[in-house]
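Structure, as structure tokens:
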């Protein structure tokens with residue numbers, strides 16, 4: 001046991017660091033959306049500049065899924081020590097109103113608003129509509145409903161277009177929305193002729209506009225996006241008092257200490273108002289609207305009120321449902337499974353394989369293997385990666401009959417090497433314990 | 001034209017390609033790390049590079065990472081990507097008998113062949129291919145996904161019914177979480193982590209990697225018992241023969257099949273809603289169908305593997321077709337590429353073909369060819385380095401693979417919950433294997449389940465619930481017929497066998 005105790009001591013001392021000033025270790029920036037999308041690009045640029053400003057690594061984690069629920073709830077429920085910051089998006093205002101999560105803007109302490117991208121409406125270049133008035137006339141006179149896409153059912157762009165429907169006095173439920181994973185696949189549907197229009201932000205559609213295959217009928221902002229899209233008229237210019245859009249900003253969990261919030265807020269202000277960030281945002285076609293903590297908090301509350309009103313209103317209850325319920329597909333799968341299982345049972349095709357010898361010792365080893373995984377899940381957040389994985393691996397080696405010296409040597413080289421590889425080189429946010437790692 | 005060639009063939013670009021190749025192989029060989037993640041990590045670096053260097057880095061990295069995913073696939077039974085899951089059991093079976101260099105050599109040579117085919121398709125047929133891509137809407141994708149799922153049933157060795165069972169299980173797992181089609185939570189039991197559903201990388205690592213560890217732990221000899229012989233007969237050392245000998249003769253023998261697989265890869269890869277995974281399965285399915293009858297020996301087994309691996313590498317170049325022509329990303333990597341290009345004030349779309357007198361596009365083409373050629377030596381080194389793993393005794397190797405499974409599934413999202421998913425899937429995979437249910441179709445089901453539902457519900461919603469919408473357009477009719485033919489073919493075979501048996 002002595003070498004193991006000594007090794008643990010070494011690990012402990014090496015992993016231990018005094019409580020220095022903030023930040024003294026890598027910061028995680030949670031992005032609720034996937035790599036390659038607009039939010040991810042803004043997040044990665046922010047992380048890069050924040051890293052230069054703070055002098056520690058800022059690692060982006062794409063916590064995707066659940067239309068933003070995953071990332072936002074993970075960011076809100078993180079340890080409030082300033083080492084987990086979140087790239088929040090407009091869905092934060094919407095998800096709780098739709099009853100999908102308990103997390104609200106109140107769960108966060110906002111630090112900096114970075115951008116506001118208004119919704120815009122696109123049609124194919126060969127479509128008959130060149131202005132919103134012409135489209136409105138079509139919607140009113142045509143018996144068929146307009147087919148549109150741009151995001152998932154009930155997402156921000158769906159809400160934006162349906163809101164315009166309500167504004168022109170039409171029933172938002174008459175809009176047929178094709179749910180999609182994002183603006184890019186929606187554009188592909190538009191070109192394929194499956195949908196008549198796409199609602200998304202201007203930068204998301206920039207390549208298609210440049211290619212001349214897609215026409216923008218208007219943008220739902222108060223003023224034109226003069227920097228990159230000066231020719232795109234606003235809805236307001238065309239006589240519709242309707243604005244709607246998304247925003248992106250950075251926040252930390254609500255209970256984060258004030259000193260840390262101020263430090264991060266000041267760093268974000270330097271980043272967001274610096275020339276390099278401005279150059280990046282302009283080239284990507286993103287709007288730049290900076291607001292510090294207080295201004296951001298006020299605009300969050302305002303967005304929460306207006307979006308919440310919209311989502312909870314009578315007219316929108318219908319668009320939140322869609323026509324074919326969520327259990328249609330699982331039910332179809334159930335039928336298919338029943339058919340396959342029945343044929344298997346009838347033909348005797350479902351039989352247990354008995355070509356493998358099993359002995360009690362084998363099952364015990366199997367359970368020990370499972371135990372290592374369970375042990376990692378339970379212990380890692382308390383002890384950190386090294387102190388969990390090192391002993392667990394060592395133990396498994398010993399149980400499998402590896403000599404103690406060899407087991408210790410292998411575990412002692414392998415686990416720190418894995419940590420260096422993933423935690424340092426590949427910037428994975430491995431679990432950290434009280435001793436550091 | 002020649003300006004573009006010169007731009008790529010300068011020493012600094014070639015050095016970038018070489019470094020990216022090493023990085024790509026390295027990342028690809030680590031379970032849980034994807035090419036998309038590698039490119040995302042590379043983005044800050046590309047800010048300091050000019051467009052040709054940046055594109056060279058991305059293209060090379062991805063091509064090498066996809067091949068390198070085959071290394072843990074064969075040696076540890078952990079597929080690097082869902083497209084490798086199509087032939088995991090085939091290559092792993094060979095590796096267990098010490099033939100890993102032959103199996104990986106086939107993967108390498110056919111990857112390069114497929115990659116080169118894809119590059120040439122991109123070079124000479126980008127515009128017409130892109131025109132074809134605009135014919136694909138919701139309905140067509142619905143049929144294409146069904147086609148891919150059908151191929152998984154056809155391509156899997158053993159009972160088609162068991163494969164179908166695995167497939168349906170995978171599809172059922174994919175319904176957990178918040179559905180895109182409705183925006184409502186299903187089967188989540190109030191657990192917020194389940195809103196994103198079962199992520200496919202932890203699931204894949206669990207189903208294949210962990211279940212294999214568990215199976216081996218169960219079967220491992222008692223303490224002090226003799227190790228089963230695992231070292232390769234022949235092979236070893238740095239000899240080129242074991243890696244390339246068989247593979248090159250196979251390529252020569254099956255040139256037609258390689259071309260066919262390359263074409264499938266390019267066609268499927270260029271569709272923004274489909275990628276390398278479906279390409280690999282369709283190619284494998286077709287290959288097994290054409291071969292008629294179950295694979296008899298290693299050579300037959302590797303025929304299918306080579307077709308699948310050629311198709312998935314060819315699909316990578318295919319994904320650039322809509323990216324360059326329309327500015328619509330063909331996959332998640334090209335989505336990142338669009339961001340990188342826009343940083344350089346280059347807007348993807350038709351305009352890109354005139355950029356620098358066409359130099360930029362020629363630069364992309366040339367990079368694809370050079371990157372695939374560089375893959376040959378770099379991949380060879382990786383195979384040789386990886387083969388050392390096989391010589392490690394089981395009782396040391398199994399805990400190491402277990403570590404890989406844990407860290408790999410954690411690394412995807414830095415989430416402990418995913419380690420739990422990996423464990424659950426590992427136990428499921430272990431149980432399924434004891435009942436002879438193949439695991440490849442389960443993975444495909446998880447990957448395609450949600451897109452299939454989106455297209456299914458989407459078509460119903462836009463048509464007002466009429467089933468006629470599934471067959472209205474000529475292109476969807478063609479796909480539907482293909483799909484039905486494929487789904488019915490095992491039934492026909494079954495009936496024929498029954499008939500022959502009774503006669």
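Residues that are modelled with pLDDT of 80 or more and either more than 7 Å from every other protein chain (Cβ to nearest Cβ) or on the phi > 0 side of the Ramachandran plot (or both) within the range A:352-369 comprise A:359, A:360, A:364, A:367, A:368, listed in sequence order. Note on the range B:38-48: residues that are assigned to a helix (DSSP H, G or I), in contact (Cβ under 8 Å) with a residue 24 or more places away in the chain and more than 7 Å from every other protein chain (Cβ to nearest Cβ) total 3. Within the set B:206, B:158, the sole residue that is farther than 30 Å from residue A:99 by Cβ, in contact (Cβ under 8 Å) with a residue 24 or more places away in the chain and out of contact with any helix residue (DSSP H, G or I) (no Cβ under 8 Å at 6 or more places or on another chain) turns out to be B:158. Can you say whether residue A:129 is in a loop (DSSP other than H, G, I, E, B) and either in contact (Cβ under 8 Å) with a residue 60 or more places away in the chain or surrounded by fewer than 18 Cβ atoms within 10 Å (Cβ to Cβ) (or both), as far as the supplied structure shows? Against the criterion (in a loop (DSSP other than H, G, I, E, B) and either in contact (Cβ under 8 Å) with a residue 60 or more places away in the chain or surrounded by fewer than 18 Cβ atoms within 10 Å (Cβ to Cβ) (or both)), residue A:129 qualifies.
Checked against the criterion of being free of Cβ contacts under 8 Å to residues at least 12 places away in the same chain and in a helix (DSSP H, G or I), the range B:53-76 has no qualifying residue. Of all residues in the range B:432-460, those that are crowded, with 20+ Cβ neighbours inside 10 Å, at the interface with chain A (Cβ under 9 Å from one of its Cβ atoms) and outside any helix (DSSP H, G or I) total 1. Can you find even one residue in the range A:320-335 that is more than 28 Å from the chain's Cα centre (by Cα), buried (at least 16 other Cβ atoms within 10 Å of the Cβ) and at the interface with another protein chain (Cβ under 8 Å from one of its Cβ atoms)? Yes, the range A:320-335 contains at least one residue that is more than 28 Å from the chain's Cα centre (by Cα), buried (at least 16 other Cβ atoms within 10 Å of the Cβ) and at the interface with another protein chain (Cβ under 8 Å from one of its Cβ atoms).
When B:158, B:206 are checked against the criterion of being at the interface with another protein chain (Cβ under 10 Å from one of its Cβ atoms) and either modelled with pLDDT under 85 or not in a helix (DSSP H, G or I) (or both), a single residue qualifies: B:158.
Taking the criterion of being touching a helix residue (DSSP H, G or I) at 6+ places or on another chain (Cβ under 7 Å), farther than 30 Å from residue B:298 by Cα, modelled with pLDDT under 85 and facing chain A (nearest Cβ under 10 Å), would at least one residue in the range B:162-176 satisfy it? No, every residue in the range B:162-176 fails to be touching a helix residue (DSSP H, G or I) at 6+ places or on another chain (Cβ under 7 Å), farther than 30 Å from residue B:298 by Cα, modelled with pLDDT under 85 and facing chain A (nearest Cβ under 10 Å).
Looking across the range A:52-88, the residues that are within 9 Å of chain B (Cβ to nearest Cβ) and on the phi > 0 side of the Ramachandran plot come down to A:65, A:66, A:67. Considering the range A:396-415, and only residues there that are more than 8 Å from every other protein chain (Cβ to nearest Cβ) and touching a helix residue (DSSP H, G or I) at 6+ places or on another chain (Cβ under 7 Å), the residue that is farthest from residue B:216 (Cα to Cα) turns out to be A:412.
Within the range A:17-68, the set of residues being within 20 Å of the chain's Cα centre (by Cα), modelled with pLDDT under 90, more than 23 Å from residue B:410 (Cβ to Cβ) and surrounded by fewer than 23 Cβ atoms within 10 Å (Cβ to Cβ) is empty. Select from the range A:132-150 the residues that are within 12 Å of chain B (Cβ to nearest Cβ) and at pLDDT below 90 and write down the one among them that is surrounded by the most Cβ atoms within 10 Å (Cβ to Cβ). Among residues in the range A:132-150 that are within 12 Å of chain B (Cβ to nearest Cβ) and at pLDDT below 90, the one surrounded by the most Cβ atoms within 10 Å (Cβ to Cβ) is A:145. Among the criteria (1) surrounded by fewer than 24 Cβ atoms within 10 Å (Cβ to Cβ); (2) more than 30 Å from residue A:72 (Cβ to Cβ), the one residue B:429 does not fulfil is (1). In the set A:415, A:340, only one residue is in a helix (DSSP H, G or I), free of Cβ contacts under 8 Å to residues at least 60 places away in the same chain, under 30 Å from residue B:416 (Cα atoms) and not assigned by TED's automatic domain parsing to the domain that holds residue A:61; that residue is A:415. Within the range A:416-437, count every residue that is crowded, with 20+ Cβ neighbours inside 10 Å and either at pLDDT 95 or above or more than 10 Å from every other protein chain (Cβ to nearest Cβ) (or both). Result for the range A:416-437: 2. Of the numbered criteria (1) in contact with a helix residue (DSSP H, G or I) (Cβ under 7 Å, 6 or more places away or on another chain); (2) farther than 18 Å from residue B:335 by Cα; (3) within 14 Å of chain B (Cβ to nearest Cβ), the one residue A:157 fails is (1). Listed conditions (1) more than 27 Å from the chain's Cα centre (by Cα); (2) part of a helix (DSSP H, G or I); (3) within 14 Å of another protein chain (Cβ to nearest Cβ) are all met by residue B:359, apart from (3). Selection of helices (runs of 4 or more DSSP H) fully inside the range B:236-331 by the criterion of at least 3 residues being surrounded by fewer than 24 Cβ atoms within 10 Å (Cβ to Cβ) returns B:241-253, B:255-269, B:276-291, B:298-318.
Residue B:216 passes every criterion in (1) within 11 Å of another protein chain (Cβ to nearest Cβ); (2) modelled with pLDDT of 85 or more; (3) under 25 Å from the mean Cα position of the chain (by Cα) apart from (3).
Which residue is surrounded by the most Cβ atoms within 10 Å (Cβ to Cβ), if the candidates are limited to the range B:177-193 and must be free of Cβ contacts under 8 Å to residues at least 12 places away in the same chain and facing chain A (nearest Cβ under 7 Å)? It comes out as B:183. Taking the range A:279-307 as the range and being within 24 Å of residue B:47 (Cα to Cα) and modelled with pLDDT under 95 as the test, the residues that pass are A:279, A:280, A:281, A:282, A:283, A:284, A:285, A:286, A:287, A:288, A:289. Checking each residue in the range B:462-472 for being in contact (Cβ under 8 Å) with a residue 40 or more places away in the chain and facing another protein chain (nearest Cβ under 9 Å) picks out only B:462. Checked against (1) assigned to a helix (DSSP H, G or I); (2) touching a helix residue (DSSP H, G or I) at 6+ places or on another chain (Cβ under 6 Å); (3) facing chain B (nearest Cβ under 9 Å), residue A:375 passes all but a single condition, namely (3).
The values are calculated or read from the model by the stated rules, or taken from the named source; none is laboratory data. In this text, all values refer to a predicted model and were calculated from it rather than measured experimentally. Positions of Cβ are backbone-derived with ideal geometry, glycine not excepted, and every protein chain shown enters the neighbour counts.
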